[in-house]
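To start, the structure itself, in structure tokens.
The values are calculated or read from the model by the stated rules, or taken from the named source; none is laboratory data. Worth saying up front: this structure is predicted, and the values here are computed from it rather than measured. Cβ placement follows ideal geometry from the backbone for every residue including glycine, while neighbour counts extend to all protein chains displayed.
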Amino acid sequence: MRDGWARLGRIFDGRQAEIVGLAAVLVLVLVAFGVTTPRFLTLGTFQSMAFQLPELGLLTLAMLIPILSGGLNLAVTFSANICALVLAWTLQTFGGPDAGVFAFALGVGLALLTGFVIGTVMGLIVAFLGAHPILVSLSMMIFLRGVGELITRGGDISGFPAFVTTLGHGTVAAIPVPLIIFVIVAFAVHIVLTRTRLGFATHMLGSNIEATRYSGINTKLSLTLVYSLSGVIAAVAGIIMLSRFNSVRIGHGEAYLLITVLACFLGGVDPFGGFGRTVSVVLALIILQAISSGLNLMGANQHLATGLWGAFLIAVMVVRWGLGRWRAARASAASASPRAPPKNQTTKETAR
Amino acid sequence: MSDAIRLQTAAARPLVLQLKGISKSFGGVQALWDVDFEIAEGEICCLAGENGSGKSTLIKIITGVHRPDGDAEILFGGRRLGALTPVTARQLGVQVIWQDLSLFPHLTVAENIAFEQNLGHRPRWARRGAFRAVAQRVLDRLGLRLPLDTPVMDLAIAQRQVVAICRALATDPKVLFMDEPTASLTKAETDALLDVVRKLARDGIAVVFVSHRLAEVLEISERVTVLRDGTKVGDFDSEGMTQRRLTELMTGATFDDEVHARDRHDAPIVLQTDGLTRRGEYEDVSITIRQGEVLGLTGLLGAGRTELAATLFGLTLPDLGSFSLGGQRMSFASNRDAIEAGISYVPEDRLSLGLVQPQSIADNIVAPVLKRIMGTGGLIDRGTKDRLVGHWIDRLAIKVGKPDDAVSTLSGGNQQRVVLAKWLATEPKLMILDAPTVGVDVGARAAIFEIVRGLAEAGMAILLISDEIPEVYFNTDRVLHMRDGRIVGEYRPRETLMTALEAAVHA
Amino acid sequence: MREQRLPAIRGTEAWLIVVIALMVLFLGLATDTFLTVSNLFNLLNVSAINLIFAVGLLAVLVAGGIDISFAVAASVVQYLTALAVEQLGGGSWALGFALAAGFGFCLGAINAGLIHYFRIISIVVTIATFNVFFGFLMFFTRGVSIYDLPDWWLDRVILFETQTASGLFAEIRLPVAVMAVMVLLSWVLIHRLNIGRQLYALGDNPDGARRIGINIAAMHFVAYGWLGICAGIGGLMQANYVQEVVPNALYGRELEVLAAVVLGGARLGGGRGTVLGAVLGVALITITSNGLNLLGVTPYAFQMVIGLVILVAIIATNLQSSGLLGQRRRVRS
């Protein structure tokens, strides 16, 4: 019995604890819906989940990186809208429904560039002026929404070539194209965060920006790039949304904004920055999507799912709080060994 | 010897507070073993001990934050107390001035001093006039002046210290604990503070002084209570006690102070500054540091030492003058250029500048040398990183559980080794150490200096900045004295008495 | 020793007053409608509800927290109050205020409880409760609005009216008076009572607050509870103003109000902010959109200009403090 506890303790202490916990919750959710809703565990359900997940998923990845850096980007959804608008505008310039693949490629390029510029502007303000990211991104959000409203006059923009819908609704080997794009982006984000200088800097400055600067890391550039990258990922989300809805409307995905933050926290990202893993966040996203799809099959609407998501986050945070206390108690019990006599620390230790 | 004196004082003045048989364990870790402590009215007592010796646990028990284990006895004014809570402790007149002062920076001086009046959740008016009156009364009692309507954030550190003392006095305390009150004060400010403490004692307040600075401890207190590893070593009369003896009591080890200075005047010059000036910070600074030389830079807080280091490390630009490294004239746009050129800087503030505390030991060590752990495709190579981290952990004998543990889990001494490791990994030509032993136990300090000497022996130039004169005197080859932003003197430890250096600096 | 003076109007508030004065001057000269009684009354009527929210939110920000959930909480309160008065057979204004304040306090207390007892930081808690409140509200109401509110609730109480030269009536309605009361109460709570001083202290230095003996739990309940009360009463007034209860009518209002309050000098992280600043922040945004309207700018451009105004304000205030204007590192004295 003691052994079992010890092993359990190791699992929950290790770096994998978050992932193990979230995976267990995911299995639980899947089983629960599988039992209560016979149609849940079918290929169809999973495919529809796979089509729906990427929009929220990409926006969440765009939110993740700024949160890791100790900030927040409240402009992700409207950045996505504006970038989609740029793509739509390019397609319309090149003939609307008759626009070719080249026009599309150009539009995608311009959309990504727009996302980069939006993010960079925010990043520069945050990094060089030290303004609070919540405030900067909030005003950027209001500004972008305004720009979008001014351009679209509150209406829809549609009339795109037929192949655009392939991006939103097509499959490759039964795998939805949006999911493929999401997986690629998620993997790229994972690599950037764990294996590159930017990712390293993001974590470090998320914990303490001054100490990071003293270590010789270019914190201003890194912080700027954090928001640039966030903007680019938001642009990808915007492109996916355009192809899913086959139209652009300012306010599409607006409801996702606070859900992306919720998903990050659910995935164990530290609200103060510095800690968090892409894999956990993706797991959290799948859990949220499974709850939503399961309820949908049971005949409930998305709003019930939204409410449950919130309740679920509270539950997870309460469990984490309890686990934290348990760990602290166990840690102090574990170190309850008799203390060594005062030792002379001047024993020979030379550096070279 | 000391017992006799104790009896004498106890007879002369009534005891305010007596603690008998205090033990405390946290989840199995024994923080205090059967400690007795007592203090009389108007007495100034010092609580001395290294980090982890149980000082702060003892304070927390006296202030009701923690409850002692078993059959401990707490007597206040001879009356035996039951459970002590923070509220009852305050009501009895036990006040603590914490090291971080615990002030409210955006509130005014008057409101900070009189904040006690705001407490409680029964609504009532917050009367600014009453705050000012209370504050003025306390300041008058100390014979001090402060701008009452200024937010505390606009005050200098020493003034904030006064605010914290006034806040404690506003509640008419019987026992006052001061936790490292002089840690960030200059000599003159410290003297002023010690005067205030004496004044308080004359008014009958029992003062318990906790400080790392042993010279002060001996100067201010009548009696020193030494703790080591959770046990009480004893009560000692301050009269006749020496710093060395006190260190030995605190650490249980003997240290021999020995001048380590060597003559390096024929070694090649590493750093040379020429009339370096940054207005308002330092002026006309021309110094040289040679290969393998440990150059001390001392002077009072605010003399411009740290500011000079900031320029050498590329954090600020000089207004006038120039400096060269290895004969090449340098101009740094940022500290990244300085690191690239071979300059390292260990800042005084290890908690918020030296290390990224919540992040791992490994990440802190590789932060300045990311370029070196890049593998194919510009991605961090985990193997290279692990090898580099392992190498430096071994080399500096850092006692860690796992390299992935947060730096904040380490002791002060081991944290300082991590800082050294991270800079040594950059293979610097010049290492600037700014107050490297602040917050490091006496026992671990010697080890830090041993490492530093080892580095110098291997040819590195070291600039050691410190206001602890003995530290500079015993561990450097040459000492520069800085005052008001200028270099005003140069000393060689083998040719100078430490007292002469002390006299010059504190003049 | 310095003279005793009134609590000084510092930094941000002074700036806002200057900017607002300039805008008023400009709009007064550029349009012949801005400085009319009916327009100024209109400004008050339009901004009343946001002001009620803003002063409530200020209490939370000052105490070092943040709350995203208050606007949807206000919608929840509208529904709960509507249901309750129906059950109680009609009710009256007095009952309406009591219920709205009570329900609002309870919702705020949920946030406070989660934040305090489970040590979850406020942004996580309130984003969760935002989703809980809104999701369940939309689920249980099926998104259906309520139009048949009791008569007293829909009654357009006009406190003051005057006929303008053009023959139209300019009026001040009930929400303005309620707003004035709530602003005054918030000012008393935050600036004049011992409790408010403790809120500042908590936001300024949480550890210090704990050590000096401030009852942290009580302060959390005061701050979030007060915001809840403001949200509830704001919701009551909003329904009176628009004559209906729509479940998603206030969705999104939280960020708008947050931007205005922070623009008014409240610090995210606590310890700083004034009621005056919060009022000025809301005023700046209201006057901007009103001015654009009067200048004949298309309503579609309002948000863009407002966003730009806030962005510029942030850049301007941070340029001062960031040292880009040649500020030196302070020498320790």
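Does any residue in the range C:210-223 that is at positive phi and at the interface with another protein chain (Cβ under 9 Å from one of its Cβ atoms) come within less than 7 Å, Cβ to Cβ, of a residue that is surrounded by 16 or more Cβ atoms within 10 Å (Cβ to Cβ) and part of a helix (DSSP H, G or I) six or more places away or on a different chain, and which pairs are these?
C:Gly213/B:Pro86; C:Gly213/B:Arg90
Output the residue which, of all residues in the range A:309-326 that are more than 7 Å from every other protein chain (Cβ to nearest Cβ) and surrounded by 15 or more Cβ atoms within 10 Å (Cβ to Cβ), is farthest from A:Asp270 (Cα to Cα). Please lay out each step first, then the result.
Looking only at the range A:309-326, we keep the residues that are more than 7 Å from every other protein chain (Cβ to nearest Cβ), and these are A:312, A:315-316, A:319-320, A:322-326.
When the remaining residues are screened for being surrounded by 15 or more Cβ atoms within 10 Å (Cβ to Cβ), the result is A:312, A:316, A:320.
Working: A:Phe312: 17, A:Val316: 13, A:Arg320: 12 Å.
So, considering only residues that are more than 7 Å from every other protein chain (Cβ to nearest Cβ) and surrounded by 15 or more Cβ atoms within 10 Å (Cβ to Cβ), the one farthest from A:Asp270 (Cα to Cα) is A:Phe312.
Just name the residue that is nearest to the other protein chains (Cβ to nearest Cβ) out of those in the range B:359-378 that are outside any helix (DSSP H, G or I) and at pLDDT 90 or above.
Applying the filter and picking the extreme gives B:Gln359.
Based on this model, can you work out whether C:Arg119 counts as out of contact with any His (no Cβ under 7 Å at 6 or more places or on another chain), surrounded by fewer than 22 Cβ atoms within 10 Å (Cβ to Cβ) and within 29 Å of C:Leu61 (Cα to Cα)?
It is true that C:Arg119 is out of contact with any His (no Cβ under 7 Å at 6 or more places or on another chain), surrounded by fewer than 22 Cβ atoms within 10 Å (Cβ to Cβ) and within 29 Å of C:Leu61 (Cα to Cα).
Where the second residue is of a type in the set (Ser, Thr, Tyr) and part of a loop (DSSP other than H, G, I, E, B) and the first is in the same structural domain as B:Leu464 (by TED's automatic domain parsing) and lies in the range B:305-325, which pairs have Cβ atoms under 7 Å and are six or more apart or on separate chains?
B:Ala310/B:Thr316; B:Gly314/B:Ser334
Scan the range B:84-101 for residues that are free of Cβ contacts under 8 Å to residues at least 24 places away in the same chain and facing chain C (nearest Cβ under 8 Å) and jot them down.
Listed by number, the residues that qualify are B:Pro86, B:Val87, B:Asp100.
Among the residues of the range A:81-104 satisfying the criterion of being small (Gly, Ala, Ser) and closer than 22 Å to A:Ala62 by Cβ, which is surrounded by the fewest Cβ atoms within 10 Å (Cβ to Cβ)?
A:Ala88
Only one of C:Leu154, C:Leu159, C:Leu95 is surrounded by fewer than 18 Cβ atoms within 10 Å (Cβ to Cβ) and within 30 Å of C:Leu276 (Cβ to Cβ); which? Reasoning before the result, please.
On the way: C:Leu154 fails: within 30 Å of C:Leu276 (Cβ to Cβ); C:Leu95 fails: within 30 Å of C:Leu276 (Cβ to Cβ).
It is C:Leu159.
Residue by residue, here is whether (1) more than 26 Å from the chain's Cα centre (by Cα); (2) more than 21 Å from C:Arg211 (Cβ to Cβ); (3) within 11 Å of chain C (Cβ to nearest Cβ); (4) at pLDDT below 90 holds:
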| residue | (1), (2), (3), (4) |
| --- | --- |
| B:Gly120 | yes, no, yes, yes |
| B:Arg124 | yes, yes, yes, yes |
| B:Arg128 | yes, yes, yes, yes |
| B:Arg132 | yes, yes, yes, no |
| B:Val138 | yes, no, no, yes |
| B:Gly143 | yes, yes, no, yes |
| B:Gln159 | no, no, yes, yes |
| B:Val162 | no, no, no, yes |
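Has the range A:217-233 got at least one residue that is of a type in the set (Val, Ile, Thr) and within 13 Å of another protein chain (Cβ to nearest Cβ)?
yes
Here's the yes/no breakdown for (1) farther than 24 Å from C:Leu149 by Cα; (2) surrounded by fewer than 24 Cβ atoms within 10 Å (Cβ to Cβ); (3) touching a Ser or Thr at 6+ places or on another chain (Cβ under 7 Å):
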residue	(1), (2), (3)
C:Ile172	no, yes, no
C:Leu189	yes, yes, no
C:Ala201	yes, no, no
C:Ala217	yes, yes, no
C:Cys230	no, no, no
C:Gln238	no, no, no
C:Glu244	no, yes, yes
C:Leu250	no, no, yes
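Would you point out which residue out of A:Thr166, A:Thr120, A:Thr171, A:Thr212 is more than 10 Å from chain C (Cβ to nearest Cβ), hydroxyl-bearing (Ser, Thr, Tyr), out of contact with any strand residue (DSSP E or B) (no Cβ under 8 Å at 6 or more places or on another chain) and surrounded by 23 or more Cβ atoms within 10 Å (Cβ to Cβ)?
Every option except A:Thr212 fails the conditions.
How many residues does the range A:49-95 contain that are touching a strand residue (DSSP E or B) at 6+ places or on another chain (Cβ under 9 Å) and not hydrophobic (A, V, I, L, M, F, W, C)?
The qualifying residues number 3.
State whether the residues of the range C:191-198 include one that is more than 14 Å from chain A (Cβ to nearest Cβ) and outside any helix (DSSP H, G or I).
Taking every residue of the range C:191-198 in turn, at least one turns out to be more than 14 Å from chain A (Cβ to nearest Cβ) and outside any helix (DSSP H, G or I).
Looking only at the range A:57-75, which residues are in contact with a Ser or Thr (Cβ under 8 Å, 6 or more places away or on another chain) and in a helix (DSSP H, G or I)?
The answer is A:Leu59, A:Thr60, A:Leu61, A:Ala62, A:Met63, A:Leu64, A:Ile65, A:Pro66, A:Leu68.
Cβ-Cβ under 6 Å, sequence separation 6+ or interchain: first residue in the range A:127-156 and among the polar types (S, T, N, Q), partner assigned to a helix (DSSP H, G or I). Which pairs?
Sorted first by the residue in the range A:127-156, then by its partner, the pairs are A:Ser137/A:Met122; A:Ser139/C:Gly307; A:Ser139/C:Ile310; A:Ser139/C:Leu311.
On the given criteria, is A:Leu193 under 18 Å from the mean Cα position of the chain (by Cα) and either in a helix (DSSP H, G or I) or among the aromatic types (Phe, Trp, Tyr) (or both)?
It is true that A:Leu193 is under 18 Å from the mean Cα position of the chain (by Cα) and either in a helix (DSSP H, G or I) or among the aromatic types (Phe, Trp, Tyr) (or both).
What about B:Leu47, is it buried (at least 18 other Cβ atoms within 10 Å of the Cβ) and part of a strand (DSSP E or B)? Before the answer, list the steps.
Working: buried (at least 18 other Cβ atoms within 10 Å of the Cβ): yes; part of a strand (DSSP E or B): yes.
Judged against the criteria, B:Leu47 is a match.
Can you tell me which residue in the range C:273-289 is nearest to C:Gly56 (Cα to Cα), limited to those that are surrounded by fewer than 23 Cβ atoms within 10 Å (Cβ to Cβ) and not hydrophobic (A, V, I, L, M, F, W, C)?
Looking at the filtered set, the residue picked out is C:Thr274.
Among (1) at the interface with chain C (Cβ under 9 Å from one of its Cβ atoms); (2) assigned to a loop (DSSP other than H, G, I, E, B), there is one condition B:Asp172 misses while meeting the rest; what is its number?
(1)
Quick grid of which residues meet (1) closer than 30 Å to B:Leu320 by Cβ; (2) free of Cβ contacts under 8 Å to residues at least 24 places away in the same chain; (3) not assigned by TED's automatic domain parsing to the domain that holds B:Arg494:
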| residue | (1), (2), (3) |
| --- | --- |
| B:Met241 | no, yes, yes |
| B:Arg245 | no, yes, yes |
| B:Glu248 | no, yes, yes |
| B:Val259 | no, no, no |
| B:Val270 | yes, no, no |
| B:Asp274 | yes, no, no |
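All but one of (1) assigned to a loop (DSSP other than H, G, I, E, B); (2) farther than 30 Å from B:Leu107 by Cβ; (3) of a type in the set (A, V, I, L, M) hold for C:Leu268; state the number of the condition that does not hold.
(2)
Assuming B:Leu379 fulfils every condition listed in (1) more than 25 Å from the chain's Cα centre (by Cα); (2) outside the structural domain of B:Leu276 (by TED's automatic domain parsing); (3) over 22 Å from A:Gly199 (Cβ atoms) apart from one, which condition is it?
If we test B:Leu379 against (1) more than 25 Å from the chain's Cα centre (by Cα); (2) outside the structural domain of B:Leu276 (by TED's automatic domain parsing); (3) over 22 Å from A:Gly199 (Cβ atoms), just (3) comes out false.
Are any residues in the range B:64-83 within 14 Å of another protein chain (Cβ to nearest Cβ) and assigned to a loop (DSSP other than H, G, I, E, B), and if so, which ones?
Hits for the range B:64-83 are B:Gly64, B:Val65, B:His66.
Consider A:Leu110 carefully, then state whether it is in a helix (DSSP H, G or I), closer than 20 Å to A:Ser247 by Cβ and free of Cβ contacts under 8 Å to residues at least 40 places away in the same chain.
yes
Can you tell me how many residues in the range C:126-159 are of a type in the set (A, V, I, L, M), more than 7 Å from every other protein chain (Cβ to nearest Cβ) and not in a strand (DSSP E or B)? Give the derivation first.
To start, the set of residues in the range C:126-159 that are of a type in the set (A, V, I, L, M) comprises C:127-128, C:132, C:137-138, C:144, C:146, C:149, C:154, C:157-159.
Then keep just the ones that are more than 7 Å from every other protein chain (Cβ to nearest Cβ); that gives C:137, C:144, C:146, C:149, C:154, C:157-159.
If we keep only those that are not in a strand (DSSP E or B) as well, we get C:137, C:144, C:149, C:154, C:157.
Qualifying residue count, the range C:126-159: 5.
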